[in-house]
1. Determine which member of the set LYS155, LYS211, LYS218 is assigned to a loop (DSSP other than H, G, I, E, B) and at negative phi.
2. Enumerate the pairs (first residue in the range 161-184 and in contact (Cβ under 8 Å) with a residue 40 or more places away in the chain and farther than 12 Å from HIS199 by Cα; second residue anywhere and in a loop (DSSP other than H, G, I, E, B) and of a type in the set (Phe, Trp, Tyr)) with beta-carbon separation below 7 Å, excluding pairs fewer than 6 apart on the same chain, so at least 6 apart or on different chains.
3. Which residues, counting only those in the range 98-133, are part of a loop (DSSP other than H, G, I, E, B) and in contact (Cβ under 8 Å) with a residue 60 or more places away in the chain?
4. Can you tell me which residues in the range 134-145 are assigned to a loop (DSSP other than H, G, I, E, B) and under 18 Å from LYS155 (Cβ atoms)?
5. Return only the number of the condition from (1) over 21 Å from VAL99 (Cβ atoms); (2) at pLDDT below 95 that GLY200 does not satisfy.
6. Of the residues in the range 66-97, how many are free of Cβ contacts under 8 Å to residues at least 12 places away in the same chain and among the aliphatic types (A, V, I, L, M)?
7. Return the residue satisfying two criteria in turn: it lies in the range 191-231 and is polar (S, T, N, Q) and without any contact (Cβ under 8 Å) to a residue 60 or more places away in the chain, and of such residues it is nearest to VAL111 (Cα to Cα).
8. Would you check if TYR223 is among the hydroxyl-bearing types (Ser, Thr, Tyr) and modelled with pLDDT of 95 or more?
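The values are calculated or read from the model by the stated rules, or taken from the named source; none is laboratory data. The structure presented is a predicted model; accordingly, all values stated were derived computationally and were not measured. Methodologically, a virtual Cβ is constructed for each residue, glycine included, from the backbone with ideal geometry; neighbour enumeration extends over all protein chains shown.
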Amino acid sequence: MGDTHRRAVVALGVTALVAPLTLALTAAPAQAASCTATTGPYQKKVEKFLGRPADGKQSTADCNAIRAFQTKHGISPNAGYAGPITWGVMDLMTKQKAVGKNPNKSGKCPVNKGRIACVDLTLQLSWIQDGRKLVYGPVPVRTGRNGYETRTGLKKVYWRNLNHHSTIYDVPMPYSQFFDGGQAFHSVGVSVWSPPGSHGCVNMTKNDAKKYWSLLKKNDDVYVYGRKPGT
């Protein structure tokens, strides 16, 4: 009877310990999923971008809309707060859209090289041109974050690997076209607007990376210029 009693006490003790832990674990996601009621410093601008009533005051509907945007583009934390990172992504999108079909208006990307892939780090845009003719793009890209900046200058595509896998970061890099050391154009499985950026490569959507693969060849020129915001 003594052993049976002791086993019962131990079982009850374990149950008492496990139950609160289970409750805590199940409660955590619900807390993480809750929206903030705090009005952010970029509230009115963010509301306007999302097509919400721009009154500059946080509401449940505002928070849900902001949070959906943050979740879609990998912005963390995704609590619906209209802060500088969220607005920075929206502001970049607006500037990219304003470029239209004239990405080389400034003439910074060489027009005397024939077919060339251009990368504007400042606007996080890339396109392919042939002389002054726009061949494809511009398309949004995700370049190197602070400390892993995509290197600027005139380069050439020196190696292409359709199904490349990074041995450094252990991630797939489909449609890889390397132009500077380990830096390459390739598709990525996250939003191309997801901060803070890549480890130096020029990330693209699968469709854009696939199109670049079909248009570019080995020894084609690549020109990278500007400076990514936040680097």
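1. Every option except LYS218 fails the conditions.
2. PHE179/TYR158
3. LYS108, CYS109, PRO110, LYS113, GLY114, LEU121, THR122, LEU123, GLN124
4. Within the range 134-145, VAL141, THR143 qualify.
5. Of the numbered conditions (1) over 21 Å from VAL99 (Cβ atoms); (2) at pLDDT below 95, the odd one out for GLY200 is (2).
6. Looking only at that region, the number is 1.
7. In this case the residue turns out to be SER214.
8. Judged against the criteria, TYR223 is a match.
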